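Below you'll find the structure, written out as structure tokens, and then a few comments.
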Amino acid sequence: WQCGAVLASQPDTDELDDADDATDYASTPTAAAAPTMPAGGMSKMVVSFACSTIASRIVKKCDQTSPKFLPRLRLAFYAAVAVRLLVEMLVEMRIRAADDQTILPSPSATTDPIGALLSGLRGKATEKTVQTYDTEQLRSWRKSYRLGTAFVFFMHLWRKWTQILAYTAASNLVDTFYHPLVQVHLLRRPAVGTLKRPFSAGPSPFA
């Protein structure tokens, strides 16, 4: 052992490797970006069931023998219908104002097997723009809602059911909020994931 000039201390090799690994991990996008919640947030089914159950319980606790009970219940049902019709009108205005002429890709056998089969039977697939697709979806959504609402009100008049009005009004409001057209055009959320056209409730079982 000999004494010599004092040299600058060098860090240990393991320490250098650990520091490099930490730097590389911090620079990766997966480490820097925090996980994001889906656009839908809580499950639509859970929210719809909870709101419908609460509305039904409120109706049960009300004095149904009172002469003011039935008019007020129908008024609440009419108000929910008016909100839905207003939302449909606003969505239609947004679709026309956007005037998105982007051509949508033809359906594939994995994402839309029925659409791909129909396109094959018809021959050459027709090109469809975003505006045309959204307008068709709005028309179908509007038609199904009106038929369902008319049936519910008919059953209310015929069978004297009261809770069905509150249950349907609450579930329809939740369905309106979670609908892809409302999410994209009114809430201005990006058309990605389940909001990507063609709309779907979740991953396809054929994928």
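The numbers here are math on the coordinates, done by the rules we state, and not lab data. Keep in mind the model is a prediction, meaning the values are calculated, not measured. All Cβ positions, even for glycine, are placed from backbone atoms using ideal geometry, and neighbour counts span all protein chains on display.
All other residues whose Cβ lies under 13 angstrom from that of PHE153 are scored, Lys and Arg at +1 and Asp and Glu at -1, for a net of +4. Applying a threshold of 27 Å to the alpha-carbon distances of LYS143/LYS196; LYS44/LYS68; LYS44/LYS196; LYS60/LYS143; LYS61/LYS160 flags LYS44/LYS68; LYS60/LYS143 as lying beyond it. In this rough spin-label picture, where each label sits 7 Å from Cα along the Cβ direction, the ASP100-PHE151 distance is 3.0 nm. Each peptide in 141-147, 169-175 was scored by the mean count of other Cβ atoms within 10 Å over its residues; highest first, the order is 169-175, 141-147.
Segment 142-189 and segment 50-70 have Cα centres separated by 18 Å.
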